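Report on the structure given below.
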Amino acid sequence: MRINQLINNHSFTLLTNTPDDVLINNVVACDLLSHVMANADEGDVLITVLNNINVLGVASLLDLSLVIFSYNINVDDSIILKANELNIPLFKSNLTTAEVVYLLKEMDKTIE
Amino acid sequence: MDFQIERNDIANAGTVSSLTKRHLKKRGLSRSFVKRVTIGVYEAEINVVIHSYGGTANLNIENDYVEIEFKDVGPGIECISTAMQEGFSTASPYAIENGFGAGMGLPNIKSVSDEMYLDSSEDGTTLRIRFYIKDEDYENKPINK
Ligand SMILES: Nc1ncnc2c1ncn2[C@@H]1O[C@H](COP(=O)(O)OP(=O)(O)OP(=O)(O)O)[C@@H](O)[C@H]1O
Ligand SMILES: [Mg+2]
C-alpha cells in the first residue's frame with residue numbers, strides 16, 4: 001500500500017505537509033514504546049494514542065513510514081512541527097485503533 | 001564520544017541513539033546491525049532519563065566492535081535479576097504518560113547486544129553494551145578499512 005491511499009481516504013486526516021508517496025510496509029499498533037522498538041521495522045506504519053514527542057523519536061530511529069493517531073486524540077502542535085522537521089508524515093483518525101487496523105487491512109490485503 | 005543525559009529530559013531523549021545511528025550508517029554498516037545498536041542505545045538512554053538522577057554515555061566505535069557505556073549517579077537498581085525480567089517496571093506516572101514503563105527495555109537490550117554488563121548500587125548504575133562487527137555487517141566497505 002502507498003501513502004497516497006491514506007491521503008485519499010476520508011477516514012484519515014493528514015496533519016503534516018504533503019509527503020512523498022512512499023510505500024507502507026507493515027502495521028504496528030502499540031502505545032508502549034519499548035514494544036514498538038522491539039517489534040516495528042523500517043517502513044512500518046505505527047498506530048498509537050500516544051500524543052507524545054517520543055513517538056517521533058522512535059519513528060525516526062526505526063525509519064517508520066508514518067504515524068496514525070487513532071481515537072481522534074489531540075495531537076500537540078509542537079509534535080506536528082517537529083514531525084515536519086523530521087519528515088515523518090502524521091495522520092489522525094476518528095476510528096479506534098482496531099478499526100484503523102481493519103481498514104488498512106482492507107485497503108491492502110497484503111498487510112498481515 | 002561523550003554525551004550528557006539529563007534526568008527527566010524526555011524532550012531530548014533519543015539524542016544519543018540518533019547520533020549513534022548516524023555515525024554507524026556513515027561507516028557503511030548494514031541496516032540490521034545499525035538497528036540492533038540503535039535499539040540498545042535508545043532503551044539504555046531512556047532508562048537513564050526516566051529512572052536515574054542523570055548521567056553520561058560514552059560511545060566507542062572500533063573496527064570490530066561498537067561499545068557504549070552508560071553511567072548514572074543513582075538511585076540504582078534494587079535487584080538486577082528482577083529488573084531484567086520482562087514486564088518488571090517501577091516507572092513513574094510521568095514516564096508511563098510518555099509511553100515508557102512496559103518493563104521491556106533491559107530485556108530488549110539483552111536480546112540485541114552481544115555482551116551486556118550491568119552493575120548498580122545506590123550511588124549509580126553502569127551499563128555497558130557491546131556489539132561485534134562482522135565482515136557481513138558492512139553494507140559498503142568503509143574507505144579506510
Ligand atoms: N539507570 C537506571 N537507574 C535506576 N533504575 C533503573 C535503571 N535502569 C533500569 N532501572 C530499573 O529497572 C526496571 C526495568 O527497566 P526496563 O528498561 O526493563 O523497563 P522500564 O524502563 O521500566 O520500561 P520500558 O523500558 O519498557 O519503557 C525499571 O523499571 C527500573 O526500576
Ligand atoms: Mg526502560
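Of B:Lys134, B:Lys110, all but one fail to be more than 13 Å from every other protein chain (Cβ to nearest Cβ) and without any contact (Cβ under 8 Å) to a residue 60 or more places away in the chain; the exception is B:Lys134. Just give me the residues in region A:55-112 being in a helix (DSSP H, G or I), among the basic types (Lys, Arg) and surrounded by fewer than 14 Cβ atoms within 10 Å (Cβ to Cβ), in sequence order. Those that are in a helix (DSSP H, G or I), among the basic types (Lys, Arg) and surrounded by fewer than 14 Cβ atoms within 10 Å (Cβ to Cβ): none in region A:55-112. Does at least one position in region A:14-30 carry a residue that is among the hydroxyl-bearing types (Ser, Thr, Tyr) and either free of Cβ contacts under 8 Å to residues at least 24 places away in the same chain or over 26 Å from B:Leu19 (Cβ atoms) (or both)? Yes, because at least one residue in region A:14-30 is among the hydroxyl-bearing types (Ser, Thr, Tyr) and either free of Cβ contacts under 8 Å to residues at least 24 places away in the same chain or over 26 Å from B:Leu19 (Cβ atoms) (or both). Residues of region B:106-121 that are buried (at least 18 other Cβ atoms within 10 Å of the Cβ) and of a type outside the set (S, T, N, Q): B:Leu106, B:Pro107, B:Ile109, B:Val112, B:Leu118. Scan region B:76-92 and give yes if some residue there is open to solvent by 30 Å² or more (accessible area, probe 1.4 Å) and under 13 Å from the mean Cα position of the chain (by Cα), otherwise no. Within region B:76-92, not a single residue is open to solvent by 30 Å² or more (accessible area, probe 1.4 Å) and under 13 Å from the mean Cα position of the chain (by Cα). Can we say B:Val37 is within 12 Å of B:Leu127 (Cα to Cα) and within 16 Å of the chain's Cα centre (by Cα)? The answer is no for B:Val37.
The set of residues from region A:11-42 being within 16 Å of ligand 1 (Cβ to nearest atom), touching a Pro at 6+ places or on another chain (Cβ under 9 Å) and open to solvent by 30 Å² or more (accessible area, probe 1.4 Å) comprises just one member, A:Ala38. Counted as qualifying within region B:1-107 are the helices (runs of 4 or more DSSP H) with 2 or more residues that are more than 12 Å from every other protein chain (Cβ to nearest Cβ) and near ligand 1 (Cβ under 7 Å from one of its atoms), namely B:31-51.
The values are calculated or read from the model by the stated rules, or taken from the named source; none is laboratory data. Small disclaimer: the values here were computed from a predicted structure and weren't measured. Please note: Cβ atoms are built from the backbone with ideal geometry, for glycine as well, and neighbour counts cover all protein chains shown. Keep in mind that these areas ignore ligands, DNA and RNA; they rest on the heavy atoms of the full protein, side chains included. Shrake-Rupley method; radii C 1.70, N 1.55, O 1.52, S 1.80 Å.
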